[in-house]
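What follows is a set of notes on a single structure, which appears directly below.
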Amino acid sequence: MIYSVKKGRTEISADTFGAELHSVKFEGREYLWQSGEVWKRYAPVLFPFVCSPEGRAYRAGGKDYKMKANHGFARDMEFAFAGQTVDSVEFTLKSNEETLEQYPYEFLFTVRYTAMENGVRVENIVNNTGTETMYFYLGGHPAFRCPIEEGESFEDYCIEYEKDEHIVDQAGNVLADCGSVLNVSRGLFDNDAIIIDSPNSKAVSLKSRVSGRQVTVRYPQSECIAVWSSTGDDRAQFVCLEPWTSVPVYADDAYPDLEKKPHAIALGAGESYTYSYDIEVK
């Protein structure tokens, strides 16, 4: 079920299925990709994994497990509506028989969206309701319209990082040795997502060089930022700006046991972890 809230000139909506953000409108203009044949999502929540280990298989507590799908299970599960205020809406997912088949920990996972004057704050809250330490990865995958403005093209846009970065694609090609701007093109994503581990920047923007329209994702807690679009398909009129807690889980494949994966977040019994980022539009 879709729920909507407003603040000033901003209106947002989100679905109980996957606790997924479905719309970010500012002054009536939609900034979020509205799904489509080429990519049938909007802004999935990635929990308890970002991407997947090899074969989606891993060990935890000495037992073998396998995720049913990429990016964990939260994005494909029905959340409970937990309430809303004048400018926020909240959803929850509790561990259950289906999650425990894939992931051995008991948890309460809360996703909260709060409309801001020029965007939305996204909060992901993990509560460990079990009796042992739990381990997980967490991230966002919001897709933004590109172009945002009618009459513009995909290639009229650029990616701009807050600070200079050393940017290498997954084939090892250097995209920027010490720079902050990448011009958007289909070829930019020929080697999948552009992932920066431990970035200098705590913000990244998708900007139009024509109209000045832009989306900025601010990620003060993230240790990894990914940028992605579907390559070679002109129907993919979007660019994803993806803040992650760390590099994806497959980067830790040398450690089959989840407890030993160096980038997994460890959360003690009874403890809570909040991961948040802001989406700003203009």
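Give the residues of region 1-34 that are in a loop (DSSP other than H, G, I, E, B) and within 15 Å of the chain's Cα centre (by Cα), sorted by residue number. Hits for region 1-34 are G18, A19, E20, W33.
None of E27, E11, E20 is among the acidic types (D, E) and in contact (Cβ under 8 Å) with a residue 60 or more places away in the chain except E11. Do we find a residue being closer than 19 Å to M67 by Cβ, in a strand (DSSP E or B) and at pLDDT 95 or above anywhere in region 177-187? No.
Report yes if Y65 is modelled with pLDDT of 95 or more, surrounded by 15 or more Cβ atoms within 10 Å (Cβ to Cβ), farther than 27 Å from R235 by Cβ and among the hydroxyl-bearing types (S, T, Y), otherwise no. Walk me through how you get there before you give the answer.
Details: modelled with pLDDT of 95 or more: yes; surrounded by 15 or more Cβ atoms within 10 Å (Cβ to Cβ): yes; farther than 27 Å from R235 by Cβ: yes; among the hydroxyl-bearing types (S, T, Y): yes.
Yes.
Just so you know, in region 226-282 the residues that are part of a loop (DSSP other than H, G, I, E, B) and free of Cβ contacts under 8 Å to residues at least 12 places away in the same chain include one that is nearest to T92 (Cα to Cα), and it is P262.
Yes or no: region 118-127 includes at least one residue that is part of a loop (DSSP other than H, G, I, E, B), touching an Asp or Glu at 6+ places or on another chain (Cβ under 9 Å) and either at pLDDT 95 or above or under 19 Å from E30 (Cα atoms) (or both).
yes
If you go through region 198-222 and pick out every residue that is part of a loop (DSSP other than H, G, I, E, B) and in contact with a Pro (Cβ under 9 Å, 6 or more places away or on another chain), you end up with 7. Residues in region 76-113 that are aromatic (F, W, Y) and closer than 21 Å to K6 by Cα: F81, F91, Y113.
The values are calculated or read from the model by the stated rules, or taken from the named source; none is laboratory data. Worth saying up front: this structure is predicted, and the values here are computed from it rather than measured. When we count neighbours, we look across all protein chains shown, and the Cβ atoms used for this are built from the backbone with ideal geometry, even at glycine.
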